[in-house]
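Presented below is the structure to which this report refers.
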Amino acid sequence: MSSNTTRRGFKLAGALAGISMLSISVAAAQQITVWCWDPNFNGATMEEAFSRYQAQHPDATIDIQVFDKAAMEQKLQAQLASGSTDGLPDIVLVEDYRAQKYLLSFPGAFEPLTGKIDYSAFAPYKVEVSTVDGQTYSMPFDSGVTGLFYRSDALAEAGYSAADLENITWDQLIEIGKGVKEKTGKTLLPIDPNASDLFRIMMQSAGSWYFDASGNPTIADNPVFKSTLETYQRLLTADITKPVAGWTEYTGSFTSGDTLATPTGVWMTATIKANPDQSGMWAVAPIPRLGDIDASVNASNLGGSSWYVLSSAPEKETAIDFLASVWGQDVDFYQKILVNQGALGSLLAAREGEAYQASDEFFGGEPVWQNFSTWLAEIPPVNYGIFTEEADAAVVAQIPAITGGGNIDEIVAQIDAQVRQQTQ
Amino acid sequence: MAQSHLARNERINGWAFVMPALILIGIFMIYPIIWSLWMSFQVGRGMQFSFGGLTNIIRLTQDPIFMRALTNTLIFLAIQVPIMLVLALLFANALNNPNIWGRGFFRTAIFLPCVTSLVAYSVTFKAMFAADGIINQMLMGLHIIGSPIPWLADPFWAKVVVIAAITWRWTGYNMIFYLAAMQNIDRSIYEAARIDGVPAWARFWYLTVPMLKPVILFTAVISTIGTLQLFDEPNLLTQGGPSDSTLTLSMYIYNLSFKFMPSFGYAATVSYVIVILVAILSFLQFLAVRDRRA
Amino acid sequence: MSNPLALIGRGATYVALSLAAFVSVFPFFWMVIGSTNTNADLIRGKATPGDALWRNIEVFFTSADLPRVVFNSFFIAGVGTVLTLLVSSLAGYGFEVFRSRTRERVFAVMLLMLSVPFAALMIPLFILMANLKLMNSYQAIILPSVASIFIIFYFRQATKAFPHELRDAARIDGLKEWQIFLFVYMPVMRSTYAAATIIVFMTHWNNYLWPLIVLQTNDMKTLPLVVATLSQGYTPDFAVVMVGSIFATLPTLIIFFLLQRRFVEGMLGAVK
């Protein structure tokens, strides 16, 4: 009797186990989970990439979860810090500036992809940002290659042609801004006094950053950093900029024609082209360089992000295979996302594709993508290190002093002191 | 005998009423709080940390940014909470008057800010306080100021905007508590006072305010905690700038945990600074409203 | 009856209230205007109604599995509000009516717990939920906020206005303590419950950070998570965000509107 119930018990347990096994195998039918932050940009490109993969691997499925960016980073960090891997995705999008911080804060959380992806096919600076101790962790995604977007119609009115903006220094841009103001009464640039974008662009154009390769602050006694602050000061005191607060006011300023230009990353293209009535009135020039620094080139970077695979991912192998076979080599895919999402990938071979060669009527019939990819290859690689946000905060805190005409040497010393205190 | 039976009854009921809440708090609060207390003594970054004793507390005293955030937070607290609570009390009093026409509309309107989405509210506030925004245009039109005030670009005015924004958002919220409490006051007392010729301000000051004391204390403590944990408004309007002039303790905690190289231990230490401040301030508030007869 | 001074006072009250109402409503009004414009117009600062409302609504309704999301939000806020009111008002009443030195200490400690910033508790709470196997569940969102120290404190303070005589009379009538709570206290304190319902519903409904961390699949998402996603990215469509925001605001507003009528009835009226 008792053995009978036991046996029945076993049977029942077996059946239950069978059910739960079944449900596990259903849930785990090669579903790749992805976290990203822009449904129309990185989310949409991921969907396109996966549809290509699925054509070859019909049983694979994908679950793309879109969050707002700050929220996603908070969710990811809270979960990594908790040590519980339940619910982490297979693939996560990480902003390049944050990559080193994540890789070093949470060792073992991300899967090294060296040997699984041919990194020589990608823009070198993108590979550099996700390399720790010789291991590279990312599938490089969109580039933040910079350009100077400007209203060609208004600048022509003030007597400036595209050639006048070709390969210039920031000081030449200041002169142009003054000329525009004089002739049209309009302000050239919107500047957010709480943002560090310009500093980042200027520094990287000279291959320099707040820190050296081994993570030591390079703020005091760094001619590039000093030149960056001085240039910013000249720019902000020349009466050619308008202060704006936050993203909406910033983008609203130049899309409404209130200001005439902005130096920023290529990903701004979609925002600018969202105003079809301005077609043909825009152009893109190379980013200005620092005039007094020889190493500074007319190419830099702002933002950009890459895909990372979590070590704990249940579908790790599928995820890596997917990234390597589509994102790692499909030139045609990169043409598609360039046309549809305006996403400029980092795969160098993609430059040879048709879409990259095409000219854009919105930008006066210029081959803007071709130009951006040329500049992309020229971006000086830098190691963002782990303390970029801390250094940014120190710089931003000094912006009122800089624009108020303060002594740059003293300001540099203040920033240096704060960065050292915060990163000790 | 009857006395002890009553006492026992009181004791059992006393625990019975609070037990469901205490069990839930025990499950969901005790462990996180002990964990965070333990973390506040850990040093290190990311997941690599070790026991650091008083290191974090020493770091606090040498951290100029923490000092700035602390000062800003206390300034917000000292100026904003009294203004907001007085306004809320005055509005509640006016809207409790049955002779005021359109009370339902006014109540709803003044409550509206705390449900308005943060996105809509930050965009409109920034537009209103822009250099060429409506506020400057109005003030210049009225010849109160000669040149536009750089509201969000100046450390002093940015604080003013943040204070205006918090007051705007939370006055109606606090008003609800006062309105509800006013319903619990016997109207016949007012009638008697009115017939005796006691003027409106005196009825408000000598009748309403003393009877609302417990709820005023509640809103004072809650608003103190809320302001010490202030995050949304400066984060959306000024990102803590210019020059860290609107950086709050909560923003600093957020930066330390999620923006900077994560130092969860030090962030926990800063969190407990808030707890200590609340402990001190609440104690003073309880003391201030304590019934003197007791 | 009405002397000139009182008239001036009345006039000043209306002016102050109208001003406050205008300032309060303005951003909401702007949100409504914004929802009728295209994103490009909205960013340029257009302040007049446009004709893009239907298009924006359409985009919003296709941005997520909205019926599911709205159900999640209502379920969490509804169940959460009822449980919170029950558990927390019981405790608030208990702490005030049955006093003991131990419970006063417990109460003081609770107030301190209330002041620990959530940022410090988020990670351990997450660990706890993972160990309790409650990840990605309604319980994980609702349960931690049911015993709301904030609402317990509120009920405790409001109970100070609850007349002792009522309780004593009920006891003499032979009512048990739980009957007194249910049949005397709750009806008498209707306006307190009304205010608490508004606040608690709003807190549950708008809850953002914790659901964000603990929810894992799209079918569990709540309205604030969906609206927040819309407002981010490189080219957010703010006009659609406005539609989403209005949509997310309405339930709280309706509840407020229905319950604010409770604020015109005196407490004693209910008892007599």
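Please treat every number below as a calculation from the coordinates, not as lab data. For clarity, every value in this text was computed on a predicted model and none was experimentally measured. All Cβ positions, even for glycine, are placed from backbone atoms using ideal geometry, and neighbour counts span all protein chains on display.
Taking chain B as a Gaussian network of alpha-carbon nodes connected by springs under 10 Å, the highest mean-square fluctuation of the residues B:PRO82, B:PRO199, B:PRO210 belongs to B:PRO199.
Across peptide B:214-220, the average count of Cβ atoms from other chains found within 10 Å of a residue's Cβ is 4. Per-residue Cβ neighbour counts within 10 Å put A:GLU182, A:GLU366, A:GLU317 in the sequence A:GLU182, A:GLU317, A:GLU366, beginning with the fewest. Volume per residue of the convex hull around the Cα atoms, evaluated for the stretch B:48-187, comes out as 209 Å³. Rounded to the nearest 10 degrees, the inclination of helix C:101-114 to the longest alpha-carbon principal axis of chain C is 10 degrees.
Spatially, the stretch B:17-61 and the stretch A:42-87 are offset by 31 Å when compared through their Cα centroids. Averaging the sequence gap over all C-alpha pairs within less than 8 Å and six or more residues apart, then dividing by the number of residues, gives chain C a relative contact order of 29 percent. Summing Cβ point charges (Lys, Arg +1; Asp, Glu -1) relative to the Cα centre of the stretch C:64-271 gives a dipole of roughly 460 debye. When the charge dipole of chain C is built from unit charges on Cβ atoms (+1 for Lys and Arg, -1 for Asp and Glu) and taken about the Cα centre, the candidate among C:SER231, C:VAL184, C:VAL214 whose Cα reaches farthest toward its positive end is C:VAL184.
The Cα atoms of the protein assembly as shown define a convex hull whose projected area, averaged across directions, is 48.2 nm². If one computes the Cα centroid of the stretch A:367-412 and of the stretch A:154-230, what distance in Å separates the two points? Going from one Cα centre to the other spans 10 Å. For the stretch A:38-127, the normalised intensity computed at q = 0.10 Å⁻¹ comes to -0.33 (log10 of I(q)/I(0), Debye sum over alpha carbons, equal scatterers, no solvent). Taking B:THR248, B:THR124, B:THR269 in turn, the Gaussian network model of chain B (Cα-Cα springs below 10 Å) assigns the largest fluctuation to B:THR124.
If you model chain C as an ellipsoid using its alpha carbon gyration tensor, with each semi-axis the square root of five times an eigenvalue, the axes come out at 39, 30, 16 Å, biggest first.
Shielding value for A:270-281 is 2, the average number of Cβ atoms from other chains within 10 Å of each residue's Cβ. Cross-link pairs exceeding 26 Å between alpha carbons, from the set A:LYS69/A:LYS101; A:LYS75/A:LYS226; B:LYS159/C:LYS160; A:LYS116/A:LYS336; A:LYS242/A:LYS273: A:LYS75/A:LYS226; B:LYS159/C:LYS160.
Could you tell me the center-to-center distance, by alpha carbons, between the stretch C:62-103 and the stretch B:102-138 in angstrom? For the stretch C:62-103 versus the stretch B:102-138, the Cα centre distance is 29 Å.
For the stretch A:338-396, the equivalent ellipsoid built from the Cα gyration tensor has semi-axes of 31, 14, 10 Å, listed from largest to smallest. The mean count of C-beta atoms from other chains within 10 Å of the C-beta of residues in C:123-136, rounded to a whole number, is 6. The order of B:VAL123, C:VAL106, going from fewest to most other C-beta atoms within 10 Å of their C-beta, is C:VAL106, B:VAL123. Electrostatic bookkeeping for A:ILE117 treats Lys and Arg as +1 and Asp and Glu as -1; over the other residues with beta carbon under 12 Å from its beta carbon, the sum is -1. Calculated mean residue ellipticity at 222 nm for chain B: -22000 deg cm²/dmol, from DSSP H runs with n ≥ 4 weighted as -39500 (n - 2.57), summed, divided by the residue count and rounded to 500. Stokes-Einstein diffusion of chain B at 20 °C, 1.002 mPa s viscosity, Kirkwood radius from Cα pairs, rounded to a whole number: 95 µm²/s. Each Lys or Arg adds one and each Asp or Glu takes one away; over the other residues whose Cβ falls under 14 Å from the Cβ of C:ASP51, this sums to 0. Both the radius of gyration and Dmax for the stretch A:309-358 are 13.0, 42 Å, in that order, over alpha-carbon atoms. Overall, the stretch A:65-206 carries a charge dipole of about 240 debye about its Cα centre when +1 sits on the Cβ of Lys and Arg and -1 on the Cβ of Asp and Glu, all other atoms neutral. Cross-link partners of C:LYS176 among aspartates and glutamates, defined as those whose alpha carbon lies under 17 angstrom from its own and excluding same-chain residues fewer than eight positions apart: B:GLU10, C:GLU165, C:ASP168.
In whole percent, what relative contact order does the stretch B:59-289 give with Cα contacts below 8 Å and a gap of six or more residues?
Numbers: 225 pairs, mean separation 65.0, N = 231.
After rounding, I find 28 percent.
Sorted largest first, the spans of the alpha carbon positions of chain A along the three principal axes are 101, 50, 36 Å. Restricting attention to chain A, close to 65% of DSSP beta bridges with both partner residues there are antiparallel.
Apply the Debye scattering formula to the stretch B:200-294, with a single equal point scatterer on each alpha-carbon and no solvent, then give log10 I(q)/I(0) at q = 0.11, 0.18, 0.22, 0.24 Å⁻¹. Ignoring solvent entirely, the Cα scatterers give -0.48, -0.87, -1.08, -1.18. Along its principal axes, the stretch C:129-235 has C-alpha extents of 66, 33, 19 angstrom, given from the largest down. Taking chain B as a Gaussian network of alpha-carbon nodes connected by springs under 10 Å, the highest mean-square fluctuation of the residues B:LEU256, B:LEU277, B:LEU139 belongs to B:LEU139.
Working note: 222 nm ellipticity from helices only, DSSP H runs with n ≥ 4, each -39,500 (n - 2.57), summed and divided by the residues of chain A, gives -14000 deg cm²/dmol to the nearest 500.
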